[in-house]
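This report refers to the structure that appears directly beneath it.
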Amino acid sequence: MSEAAGLRQRRPLRPQVVAEDRQTPEAKDGSSFSGRVFRVTFLMLAVSFTVPLLGAMLLLDSPIDPQPLSFKEPPLLLGVLQPNTKLQQAERLFENQLIGPESIANIGDVMFTGTADGRIIKLENGEVETIARFGPGLCETQADETTCGRPLGIRVGPNGTLFVADAYKGLFEVNPWKREVKLLLSSNTPIEGRKMSFLNDLTITRDGRKIYFTDSSSKWQRRDYLLLLMEGTDDGRLLEYDTETKEVKVLLDQLLFPNGVQLSPAEDFILVTEMTMARIRRFYVSGLMKGGSDLFVENLPGFPDSIRPSSSGGYWVSMPAIRANPGFSMLDFLSERPYIKRMIFKLFSQETVMKLVPRYTLVLELSNSGAFLRSLHDPDGQVAPYISEVHEHDGHLYLGSFRNPFLCKLSLQSV
């Protein structure tokens with residue numbers, strides 16, 4: 001045997017490593033135990049969430065009984081409707097000195113508004129002064145509204161007095177200089193066999209004889225406005241009150257959340273916003289069409305609240321919630337899915353649902369024929385969220401809101 005061959009025979013063998021595919025019993029058992037713990041925990045959490053949810057869906061009553069509503073595709077936000085930030089140029093006034101100033105009126109440079117704590121207030125030279133109340137005390141919570149009142153629509157009459165629609169109390173005339181309050185029509189008065197549960201806005205003739213006003217619902221009160229909107233209740237009315245004869249007439253019935261109302265400059269027709277349906281109705285009070293009605297504008301890019309005259313001869317319309325296109329409109333989506341609406345209000349309060357509504361505010365100027373003239377936007381509600389009324393005075397827009405603790409002022413020259 002050669003020396004080289006001997007060395008090859010004596011070379012130590014390299015150890016061979018054999019890879020085990022099988023885990024040791026201890027590792028296998030440990031992994032299996034962890035997996036079981038995870039699955040059991042996940043199942044328990046799923047059950048703890050699902051069972052109460054199913055129970056709520058089956059056992060709890062929904063406060064609303066919505067019916068499906070049909071909408072056209074919203075208009076594209078292009079051209080006149082192109083999104084902008086013009087409302088963000090507004091200045092906030094009396095911040096944290098007011099609570100939900102909604103409707104606005106002026107006599108000269110003195111402004112008046114109604115607030116969520118049941119007051120009619122005068123705004124002059126930067127000062128806030130209470131001139132009237134329709135209830136016995138302050139509104140500290142929403143539950144107090146029925147007692148202390150909630151002034152909404154407010155207009156100036158021919159004699160320098162204020163005509164006010166209080167959501168709970170009725171129609172009033174207020175002398176702002178003498179602090180005198182006169183009840184014209186109580187909400188407790190049934191009209192054609194139905195009560196008035198939600199007086200909203202009003203407009204008056206130049207001679208002060210006729211008051212046209214909206215009763216948004218005979219079922220829902222103002223504090224339940226979101227339930228009214230989501231249910232799509234069609235029991236709203238446009239009414240007429242004659243200040244001389246004291247008679248009340250129903251002009252339009254079966255409206256879905258009638259809100260803002262405005263008499264035309266020629267006093268031949270009345271415009272009323274139908275918030276739930278994103279449209280504006282027209283009722284003729286004189287001329288060949290007297291007693292008839294039609295649609296003034298339909299398929300608006302938002303859900304209209306108030307309507308007020310503009311200096312161009314047209315109208316300002318406020319929309320505290322829009323129908324985004326392109327984009328997603330939650331209210332449009334839910335309109336044809338009443339079962340989802342029922343479930344939402346079984347599980348959540350109005351206030352919780354309201355927090356889910358985007359803060360996008362839109363103000364639209366219409367021509368006297370209903371064409372879109374211009375739009376003012378606050379896409380994320382930085383300055384002017386939830387605007388519910390636009391009042392033009394002396395080259396400015398004054399923007400009121402049922403939720404905000406301030407008014408906004410916007411120069412028309414800047415937009």
*Considering only segment 69-109, how many residues are in a strand (DSSP E or B) and open to solvent by 20 Å² or more (accessible area, probe 1.4 Å)?*
5
_So E145 ticks every box in (1) surrounded by 23 or more Cβ atoms within 10 Å (Cβ to Cβ); (2) within 25 Å of D224 (Cβ to Cβ) but one. Which box is left unticked?_
(1)
*Looking only at residues in segment 267-296 that are more than 30 Å from L226 (Cα to Cα) and in contact (Cβ under 8 Å) with a residue 12 or more places away in the chain, which one is least open to solvent (accessible area, probe 1.4 Å)?*
V285
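Could you tell me which residue of segment 111-126 is nearest to R150 (Cα to Cα), considering only residues that are outside any loop (DSSP other than H, G, I, E, B) and open to solvent by less than 20 Å² (accessible area, probe 1.4 Å)?
G114
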_So the check is Cβ under 8 Å with 6+ separation or different chains; which pairs have a first residue in segment 344-358 that's more than 15 Å from S329 (Cα to Cα) and a second one that's among the β-branched types (V, I, T) and not in a helix (DSSP H, G or I)?_
F345/I64
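Let's see how each residue does on (1) closer than 18 Å to S103 by Cβ; (2) under 27 Å from the mean Cα position of the chain (by Cα):
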residue: E244; (1), (2): no, no
residue: D253; (1), (2): no, yes
residue: F257; (1), (2): yes, yes
residue: A266; (1), (2): no, no
residue: I270; (1), (2): yes, yes
residue: S286; (1), (2): no, no
residue: G292; (1), (2): no, no
residue: P309; (1), (2): yes, yes
*Selection from segment 114-140 of residues that are polar (S, T, N, Q) and over 19 Å from the mean Cα position of the chain (by Cα)*: N125, T130
*What number of residues in segment 48-62 are open to solvent by 60 Å² or more (accessible area, probe 1.4 Å) and either among the basic types (K, R) or modelled with pLDDT of 90 or more (or both)?*
1
*Could you please find all residues in segment 170-200 being touching a residue at least 12 places away in the same chain (Cβ under 8 Å), over 22 Å from the mean Cα position of the chain (by Cα), more than 13 Å from A132 (Cα to Cα) and part of a loop (DSSP other than H, G, I, E, B)?*
S187, N188, T189, E192, K195
_Failed criterion for S349 (all others in (1) in contact with a Ser or Thr (Cβ under 8 Å, 6 or more places away or on another chain); (2) at pLDDT below 95; (3) of a type in the set (G, A, S) hold)_ = (1)
*Residue under evaluation E129, criteria (1) closer than 30 Å to Q254 by Cβ; (2) open to solvent by 40 Å² or more (accessible area, probe 1.4 Å); (3) of a type outside the set (V, I, T), criterion not met*: (1)
*Name every residue in segment 296-311 that is hydrophobic (A, V, I, L, M, F, W, C) and within 15 Å of K72 (Cβ to Cβ), in order of residue number.*
V297, L300, F303
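Does T361 satisfy the criteria of being within 17 Å of the chain's Cα centre (by Cα) and in contact (Cβ under 8 Å) with a residue 24 or more places away in the chain?
Yes: the conditions hold for T361.
What strands (runs of 3 or more DSSP E) lie completely within segment 224-264 and have 3 or more residues being surrounded by 19 or more Cβ atoms within 10 Å (Cβ to Cβ)?
Details: elements: 236-242, 248-255, 258-263.
Where strands (runs of 3 or more DSSP E) fall fully within segment 224-264 and carry at least 3 residues being surrounded by 19 or more Cβ atoms within 10 Å (Cβ to Cβ), they are 236-242, 258-263.
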*Failed criterion for G153 (all others in (1) closer than 30 Å to S329 by Cα; (2) open to solvent by less than 20 Å² (accessible area, probe 1.4 Å); (3) at pLDDT below 95; (4) of a type outside the set (D, E, K, R) hold)*: (3)
*Out of (1) touching a helix residue (DSSP H, G or I) at 6+ places or on another chain (Cβ under 6 Å); (2) assigned to a loop (DSSP other than H, G, I, E, B), what's the single condition that is false for R206?*
(1)
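Looking at this structure, is E231 within 28 Å of the chain's Cα centre (by Cα) and closer than 21 Å to P66 by Cβ?
Values: within 28 Å of the chain's Cα centre (by Cα): yes; closer than 21 Å to P66 by Cβ: yes.
Against the criterion (within 28 Å of the chain's Cα centre (by Cα) and closer than 21 Å to P66 by Cβ), E231 qualifies.
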_Let me spell it out: the conditions are (1) among the polar types (S, T, N, Q); (2) under 24 Å from T205 (Cα atoms); (3) out of contact with any strand residue (DSSP E or B) (no Cβ under 9 Å at 6 or more places or on another chain), and S286 meets all of them except one. Which number is the exception?_
(3)
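The values are calculated or read from the model by the stated rules, or taken from the named source; none is laboratory data. What you see is a predicted model; the values in this text were computed from it and never measured. Because the Cβ atoms are built from the backbone with ideal geometry, glycine has one as well, and the counts that use them run over all protein chains shown. Side chains are part of the model used for accessible areas, which takes the heavy atoms of the whole protein and leaves out ligands, DNA and RNA. Shrake-Rupley method; radii C 1.70, N 1.55, O 1.52, S 1.80 Å.
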